[in-house]
Amino acid sequence: MLTPIGEYLNKLNANKSKIATAAKIKGPRMNDLCNDETAKPYADEFFPLLYLANFYAGIPNSKFDEAVSEIFPNRKKGLLIEQFKNLSPSARLFLTYTQSKQQLEKSIGMPKNKISKFKNPKTNRATALEVINFCDGMNFDLLATYENTFGKITV
């Protein structure tokens, strides 16, 4: 059964093998991302995959967020900062960027204590949905945040 990623790539008539090679995703993993509903895409594979699929299809970067919404349609923008909207500008500034790890994990649907585990990058990677939920919750631009954090995606 096709996953939302597989459906999106099919809609674009994407060359999945070409995208997988360019994104450094092994064939079996790409197959899982496209066909296995239990496969969770990690941020470091999902963003290059989507970027490259759009690039090869001639879709501009300005449509990146729309593509993410096709794959993850139930996004909640501003979720993390909405609670501070009635506070003073100074309070919003500091509270927005000093939220507790526990509250942040709970708000974006991340397992408890996962942020602390990111200190060991070999065993813990953020899923695409965790990064998307965080960026959406903070009203950050997805592609810019990804590139600032993980590096520019090159073709």
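The values are calculated or read from the model by the stated rules, or taken from the named source; none is laboratory data. Quick caveat, the model's predicted, so the values are computed rather than measured. Neighbour counts are summed over all protein chains in view; Cβ atoms, including those assigned to glycine, are modelled from backbone coordinates with ideal geometry. Side chains are part of the model used for accessible areas, which takes the heavy atoms of the whole protein and leaves out ligands, DNA and RNA. Shrake-Rupley method; radii C 1.70, N 1.55, O 1.52, S 1.80 Å.
What the table shows:
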quantity	calculated
Filtered residues of region 135-155 (kept if among the acidic types (D, E) and open to solvent by less than 20 Å² (accessible area, probe 1.4 Å))	D136
Identity of the residue in region 45-62, buried (at least 16 other Cβ atoms within 10 Å of the Cβ) and among the hydroxyl-bearing types (S, T, Y), that ends up farthest from C135 (Cα to Cα)	Y56
The listed residue being in contact (Cβ under 8 Å) with a residue 60 or more places away in the chain, of a type outside the set (S, T, N, Q) and either in contact with a Pro (Cβ under 7 Å, 6 or more places away or on another chain) or more than 24 Å from A67 (Cβ to Cβ) (or both), out of I153, I132	I153
Matching option when the condition is among the hydroxyl-bearing types (S, T, Y) and touching a helix residue (DSSP H, G or I) at 6+ places or on another chain (Cβ under 7 Å), among S107, S90, S62	S107
Scan of region 102-134 for residues that are open to solvent by 20 Å² or more (accessible area, probe 1.4 Å), of a type in the set (V, I, T) and assigned to a helix (DSSP H, G or I), ordered by number	I115, V131
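So that you can scan it fast, the table gives a plain yes or no per residue for (1) more than 18 Å from L143 (Cβ to Cβ); (2) open to solvent by less than 20 Å² (accessible area, probe 1.4 Å); (3) among the charged types (D, E, K, R):
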{"position": "L2", "(1), (2), (3)": "yes, no, no"}
{"position": "N10", "(1), (2), (3)": "yes, no, no"}
{"position": "G27", "(1), (2), (3)": "yes, no, no"}
{"position": "A43", "(1), (2), (3)": "no, yes, no"}
{"position": "R75", "(1), (2), (3)": "no, no, yes"}
{"position": "S100", "(1), (2), (3)": "yes, no, no"}
